[in-house]
Amino acid sequence: MKDDLVIGGRPLTSRLFLGSGKFPSNRFIPKVLEASGAQVVTVAMRRVDTDFAEENVLQLIPKECLLMPNTSGARTAQEAVRIARLGRAAGCGDWVKIEVISDNKYLLPDNYETIKATEILAAEGFVVLPYMSPDLMAARELARAGAAAVMPLGAPIGSNRGLKTKELIRILIEEISLPVIVDAGIGRPSEAAEAMEMGAAAVLVNTAIASARDPVAMARAFGLAVAAGRAAYLAGTGATQQYASASSPLTGFLREE
Amino acid sequence: MSFFEKYRQYQDFAFADYFRSLGDGDIQRIIQKDRLSELDYLALLSPAAEAHLEEMARRAHGLTVRHFGRSILLYTPIYLANHCVNRCVYCGFAVHNAIPRTRLTLEEVAAEAQLIAATGLKHVLILTGESRKHSPVSYIKDCVGVLKKYFSSIGIEIYPLEEEEYRELVDAGVDGLTLYQEVYHPAVYDRLHPAGPKKNYAFRLDAPERACRAGVRTVNVGALLGLHDWRSEAFFTGLHASYLQNKYGHLEVSISPPRMRPHGGDFEPVEKVRDKNLVQYILAYRLFMPRGGISLSTRESAFLRDHLLPLGITKMSAGSCTAVGGRCQPEAASQFAISDERDVPAMVDMLYRQGYQPVFKDWQTL
Ligand code: SF4
């Protein structure tokens, strides 16, 4: 069965997205992509240095993978918009992950500014994937503003604490028709699997892979976990979904009366 | 409220009594905490914590990798002018030192910039002494105009300005401020700054805050270690960083732990700050501010810098020169002697060998 995730018209076979920020060298990125099977990798525009051959991500990312520049460092919607435009001008494509953070202590996203940036960039033809705090009303606004997916945080960036916002993300998955991609906080493959079982469309992982003793092996583990979690979701996890195919398998007989 | 009020809360604090009250159990418990209070931070700066440096180091390393990854931002200073009206007793550029005084012309600034840009560096920090006559804000602005063509991020380490002046420089392309209070203890500060505008402690103390209001993205604060008791000075530096971070949420805050170096004057450090003290300071600050930057300059030796690297450092200077126009004219007078003389390729090499990514660009003027 084909189970592609389609975002911005692009079918993706892997539901693991990679963050690229914390490796000892960008030269790890191709290896990590290969080991995990991930096809989408996000790169901070602020770090893209096309003059530094060894670390130039634009050259290092395999052609079949998709580069998603992010607006890390943006403090306002305006700054995010400018960074996104710089990215497109630099040849980074149309995808952009919006990050607007006005709190550097916890790195929590500013949903309000993020919505504004999404609206402007979506109108300019960008495929916008906004990083957000998992709030239903904000997610609805993002959908209305033209986001291609929403990326709620599982826990603060770099905290490796797992799915602390699980119940809120569950609500987004139930209520929002866009793909919900869990971004940040996932510390282990089992947590990635958990998010996928719950119905997340994909997960984005950076710190947990980059800070592992063996990042390539950890990348492979995450690839497997995400695929397993997705398969479990499709198979119908948990008692509540055991009879997903029939409409009322236990009480349907009452209609016979 | 200004940071001075925060300072005053601890002004009469009995540091020695507090240090004496701490046992191994207290230190161990604090090291394992998720969020440290101000007094927890002070405890990690205590003599009692010296017995726990290895445990602190493990935790500091883990936190740094998690929040910053294995990467180090490289930057370099550019000295624009050494005219100075102050008499800081510890500085080679002080007005009473008979050294040749110069100021780079815009052509000379461009020549230095070219040499630096050829090494790949994209973050620079411009420095001047304090002389509103020789290096007025308008001159700094003109220099920024030149440097913008070569670099993606420009920081200033100059005399404290008014908020409006900071705004002018931010509009011109400056995104970072480095400003060391030098000494947080007001009476000692007063003694070490016998004359000149720098005598105004409060104006300097609040300068980072004025710069934040004017829109700088990064602020780096520090105390010059060796001028006064390092434990309390380290404490106030950390508190200053934390105060700014709490008040200006968007700010990327960092500290520097500079130690006194030989310089053109004859002032001797009041206190010897040993390597292990420096290590303790870096570790304690990392545990207190898991997301705060730590910048390490070429004041320290290559050997020490290589070993401090994994403990929490996030930025390092490279290919430094502390003389005005020193890259083009090697005989120029230095503000202080640098210790790590490695050039950029040597630093890049060292970082790769230690499993760290050298980062030349971590911001770009929008
Ligand atoms: S430390 Fe700065 S202000 Fe003081 S004398 Fe030196 S250059 Fe002048």
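Here, each number is a calculation from the coordinates, and none is a lab measurement. If you're wondering where the values come from, they're calculated on a predicted model, not measured in any experiment. Positions of Cβ are backbone-derived with ideal geometry, glycine not excepted, and every protein chain shown enters the neighbour counts.
Give me the one-decimal nm value for the distance between modelled label points at A:ASP4 and B:ALA187, 7 Å along each residue's Cα-to-Cβ direction.
For A:ASP4 paired with B:ALA187, the spin-label model returns 7.6 nm.
Let me spell out the model: positive unit charges on the Cβ of Lys and Arg, negative unit charges on the Cβ of Asp and Glu, origin at the Cα centre of the protein assembly as shown. What dipole size does that give, in debye rounded to 20?
Using Cβ point charges on Lys, Arg, Asp and Glu, the protein assembly as shown gives about 400 debye.
Give me the compactness ratio for the stretch B:220-280, meaning the Cα radius of gyration over 2.2 N^0.38 Å.
For the stretch B:220-280, the normalised Cα radius of gyration is 1.27.
Over all directions, how big on average is the projection of the convex hull of the alpha-carbon atoms in the stretch A:50-90, in square nanometres?
Over every viewing direction, the Cα hull of the stretch A:50-90 projects on average to 3.4 nm².
For the pairs A:LYS2/A:LYS22; A:LYS97/B:LYS141; B:LYS6/B:LYS199; A:LYS105/B:LYS33; A:LYS63/B:LYS148; B:LYS133/B:LYS199, note any where the Cα-Cα span goes beyond 25 Å.
A:LYS2/A:LYS22; A:LYS97/B:LYS141; A:LYS63/B:LYS148
Can you tell me the dipole magnitude for the stretch B:91-155 around its Cα centre, using point charges on the Cβ only (Lys, Arg +1; Asp, Glu -1), in Debye to the nearest 20?
Using only the charged Cβ atoms, the result is roughly 160 debye.
Explain nothing, just the number: relative contact order of the stretch B:194-316, from Cα pairs under 8 Å at least 6 residues apart, as a whole percent.
24
Restricting things to alpha carbons, tell me how big chain A is in terms of Rg and Dmax, in Å.
Rg, Dmax (Cα atoms, Å): 18.7, 77.
What is the antiparallel percent of DSSP beta bridges lying wholly in the stretch B:53-170, to the nearest 5?
Antiparallel: roughly 10 percent of the beta bridges in the stretch B:53-170.
Can you pull the three principal axis extents for the Cα set of chain B, in Å, largest first?
Result for chain B: principal-axis Cα extents of 60, 46, 38 Å.
To the nearest Å, what is the center-to-center distance of the stretch A:23-47 and the stretch A:161-191, using C-alpha atoms only?
A separation of 22 Å, based on Cα centres.
Where both residues lie in chain B, what percent of DSSP beta bridges are antiparallel, nearest 5?
Around 10 percent of the beta bridges assigned by DSSP in chain B are antiparallel ones.
With everything on Cα atoms, drop me the angle between helix A:166-175 and the longest principal axis of chain A, reported from 0 to 90° to the nearest 10.
Around 70 degrees separate the two axes.
Each residue of the stretch B:204-217 in order: what ³J(HN,Hα) in whole Hz does its phi give by Karplus 6.51 cos²θ - 1.76 cosθ + 1.60, θ = phi - 60°, with x for Gly and Pro?
For the stretch B:204-217, the Karplus-derived couplings read 6, 4, 8, 4, x, 5, 4, 5, 4, 5, 7, x, 5, 8 Hz, x marking Gly and Pro.
From the phi angles alone, apply the Karplus equation (6.51, -1.76, 1.60; θ = phi - 60°) to the stretch B:79-86 and give each ³J(HN,Hα) in whole Hz, x where the residue is Gly or Pro.
So the Karplus estimates, Gly and Pro as x, are 8, 8, 7, 10, 5, 8, 9, 8 Hz.
Pairing rule first: another cysteine's C-beta must sit under 4.7 Å. Under that rule, which cysteines of the protein assembly as shown stay single?
Taking the Cβ cut-off of 4.7 Å, the unpaired cysteines of the protein assembly as shown are A:CYS65, A:CYS92, B:CYS84, B:CYS143, B:CYS212, B:CYS321, B:CYS328.
Other chains' Cβ within 10 Å of B:353-364 residues: what's the mean?
5
Dividing the alpha-carbon radius of gyration of the stretch B:53-185 by 2.2 N^0.38 Å (N being the number of residues), what value is obtained?
After normalising by residue count via 2.2 N^0.38 Å, the value is 1.23.
Could you work out the helix-only [θ] at 222 nm for chain A, with each DSSP H run of four or more residues adding -39,500 (n - 2.57) and the total divided by the number of residues, to the nearest 500 deg cm²/dmol?
The helix contribution divided over chain A gives -10500 deg cm²/dmol.
Starting from the Kirkwood Rh over alpha-carbon pairs, what translational D in µm² s⁻¹ does the protein assembly as shown have by Stokes-Einstein at 20 °C and 1.002 mPa s?
83
At A:VAL216 and A:GLU34, where each label point lies 7 Å from the Cα along Cα→Cβ, what is the point-to-point distance in nanometres?
With each label point 7 Å from Cα toward Cβ, the separation is 0.7 nm.
Whole number please: convex hull volume per residue of the Cα set in the stretch A:5-118, in Å³?
Per residue, the Cα convex hull of the stretch A:5-118 comes to 115 Å³.
Express the relative contact order of the stretch A:97-148 as a whole percentage, based on alpha carbon pairs under 8 Å and six or more residues apart in sequence.
40
Could you give the C-alpha radius of gyration of the stretch B:221-366 expressed as a fraction of 2.2 N^0.38 Å, taking N as the number of residues it contains?
It is 1.10.
With contacts defined as alpha carbon pairs under 8 Å and 6 or more residues apart, what's the relative contact order of chain B in percent?
24
Once the Cβ-Cβ distance between A:GLU54 and A:LYS164 is put in as r, and R0 is 41 Å, what FRET efficiency do you end up with, to the nearest 0.05?
With a Förster radius of 41 Å, E is 0.65.
Under the Kirkwood approximation applied to all pairs of distinct alpha-carbon atoms, what is the hydrodynamic radius of the stretch B:1-104 in Å?
18.2
Which percentage, to the nearest 5, of the DSSP beta bridges contained in chain A is antiparallel?
Antiparallel bridges make up about 15 percent of those DSSP assigns within chain A.
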